[in-house]
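*Asks:* What follows is a single structure, and I will ask about it in a moment.
The values are calculated or read from the model by the stated rules, or taken from the named source; none is laboratory data. Note that the coordinates shown come from a computational prediction; the quantities given were computed from them, not determined experimentally. Cβ placement follows ideal geometry from the backbone for every residue including glycine, while neighbour counts extend to all protein chains displayed.
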Amino acid sequence: MPDLLQIGGITEEMRTRLAAAFTIRQLDDFEPEKITHVVTNGHAGIDPDLMARLPNLKVISGYGVGYDAVDADEAARRGIIVTHTPNVLNEEVATTAILLLLACYREVLRDDAYVRSGAWETGGNAALTRSVDNQTVGIVGLGRIGQAIAEKLAPWNTKVLYHARNRKDVAYRYYENLTEMAHDSDVLICITPGGPGTHQIVNAEVMEALGSKGTLINVSRGSVVDEQALIEALETGKLGWAGLDVFENEPQVPEALRALPNTVLLPHVGSATVETRSAMGALTVDNLLQHLKDGTVISAVPECAHL
Ligand code: NDP
């Protein structure tokens, strides 16, 4: 059986299927020239030096859709196919974005604490919150997940705007300039890939344009938002609220961010349900098994689509 190098965690379901076709090797116990396939998750990726040390590597199968932790251009140059898990997680990640939006608008954490602490018994009615109906939401990155978010917002009579590199054939208004879109939005939802192309595109200027009544939701990558500028904007009231699933230096989250009451913070769980992780795991394994069978894969990343 060929040797498969495992980087990062995989599920038992994945391990069982992979073990029937590969000898699974761990990072502390493998022979570089024997490794033909790698399985890795979106967070772990693969170190460029390690990729260079595997002369017979053919496929890197990523358990996740984001692949900013893998140098896909370099892999393509080496003839290595990188695969990921697009589409099967669109609805789940979109739900996570909506969950953060609702939690911010309706102050779910504040009101939950109000009941739990017993303060309700003496403090009377909780303070009013804001309605999520009839808001204008700017989506930063109208790709597979961004479009699912736009569709899930429809029941709240949302006006959807979007910013992406290219204009799409959709009914929503396109903004080439992100600051202009932020100015016209009540909410910004970030759902672009990470990496150098989107590094801190949500900066102090964008957050100020979103404004003191504005809400920033980030389910993309921590690198997309200038985290220091975000903390300052939230502390000084230049920005109203933030709902975050991703952070610059996960799992470290700055104390200043954790201390702010106008945030809802999740530990990068955008796709983390039993059902969706099972579908992602199945596609991750299917890519590897199909490659063993006939040399092709199901879902190569765009950089490797020609291989
Ligand atoms: P897609 O490739 O389908 O969509 C990406 C979108 O981002 C496209 O609309 C693209 O624009 C836009 N975009 C890319 N670069 C830029 C840029 N520099 N400026 C503005 N817009 C840009 O990806 P998916 O929707 O499948 O996934 C998006 C990302 O979501 C993943 O890469 C991952 O980082 C993140 N994610 C997070 C999860 C979580 O757990 N929180 C789970 C899953 C994904 P254009 O179409 O014009 O090229």
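*Asks:* Mind listing whichever residues of the range 202-222 are within 16 Å of PHE247 (Cβ to Cβ) and out of contact with any Asp or Glu (no Cβ under 9 Å at 6 or more places or on another chain)?
*Replies:* Matches in the range 202-222: LEU216 only.
*Asks:* Quick one: count up the residues across the range 51-76 that are crowded, with 17+ Cβ neighbours inside 10 Å, assigned to a helix (DSSP H, G or I) and not small (Gly, Ala, Ser).
*Replies:* So the count comes out to 1.
*Asks:* Considering only residues that are more than 15 Å from ILE98 (Cα to Cα) and under 17 Å from the mean Cα position of the chain (by Cα), look in the range 247-271 and name the one that is surrounded by the most Cβ atoms within 10 Å (Cβ to Cβ).
*Replies:* Selected residue: PHE247.
*Asks:* Would you be able to tell me the number of residues in the range 77-97 that are β-branched (Val, Ile, Thr), under 18 Å from GLN147 (Cβ atoms) and either outside any loop (DSSP other than H, G, I, E, B) or more than 9 Å from the ligand (Cβ to nearest atom) (or both)?
*Replies:* Counting residues in the range 77-97 that are β-branched (Val, Ile, Thr), under 18 Å from GLN147 (Cβ atoms) and either outside any loop (DSSP other than H, G, I, E, B) or more than 9 Å from the ligand (Cβ to nearest atom) (or both) gives 4.
*Asks:* Same structure again: Just name the residue that is farthest from GLU91 (Cα to Cα) out of those in the range 231-274 that are without any contact (Cβ under 8 Å) to a residue 24 or more places away in the chain and more than 14 Å from the ligand (Cβ to nearest atom).
*Replies:* Filtering first and then ranking leaves THR236.
*Asks:* Which of (1) within 16 Å of the ligand (Cβ to nearest atom); (2) closer than 30 Å to MET1 by Cα; (3) in contact with a helix residue (DSSP H, G or I) (Cβ under 8 Å, 6 or more places away or on another chain) does ALA279 not meet, given it meets every other one?
*Replies:* It fails just one condition, (3).
*Asks:* Here's a follow-up. How do the helices (runs of 4 or more DSSP H) wholly within the range 223-307 filter down when requiring 2 or more residues that are in contact with a Leu (Cβ under 7 Å, 6 or more places away or on another chain), at pLDDT 95 or above and farther than 20 Å from ILE201 by Cβ: which remain?
*Replies:* Filter on the range 223-307 gives 274-294.
*Asks:* Let me ask something else. Can you go through ARG144, ARG77, ARG116, ARG53 and tell me which one is outside the structural domain of GLY281 (by TED's automatic domain parsing), over 14 Å from GLY270 (Cβ atoms) and among the basic types (Lys, Arg)?
*Replies:* Of the residues listed, the single one that is outside the structural domain of GLY281 (by TED's automatic domain parsing), over 14 Å from GLY270 (Cβ atoms) and among the basic types (Lys, Arg) is ARG116.
One line per residue, one yes/no per condition, for (1) under 18 Å from VAL93 (Cβ atoms); (2) surrounded by fewer than 23 Cβ atoms within 10 Å (Cβ to Cβ); (3) among the β-branched types (Val, Ile, Thr); (4) more than 9 Å from the ligand (Cβ to nearest atom):
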site	(1), (2), (3), (4)
LEU188	yes, no, no, yes
ILE191	yes, no, yes, no
GLY194	yes, yes, no, no
ALA209	no, yes, no, yes
SER212	no, yes, no, yes
ALA229	no, yes, no, yes
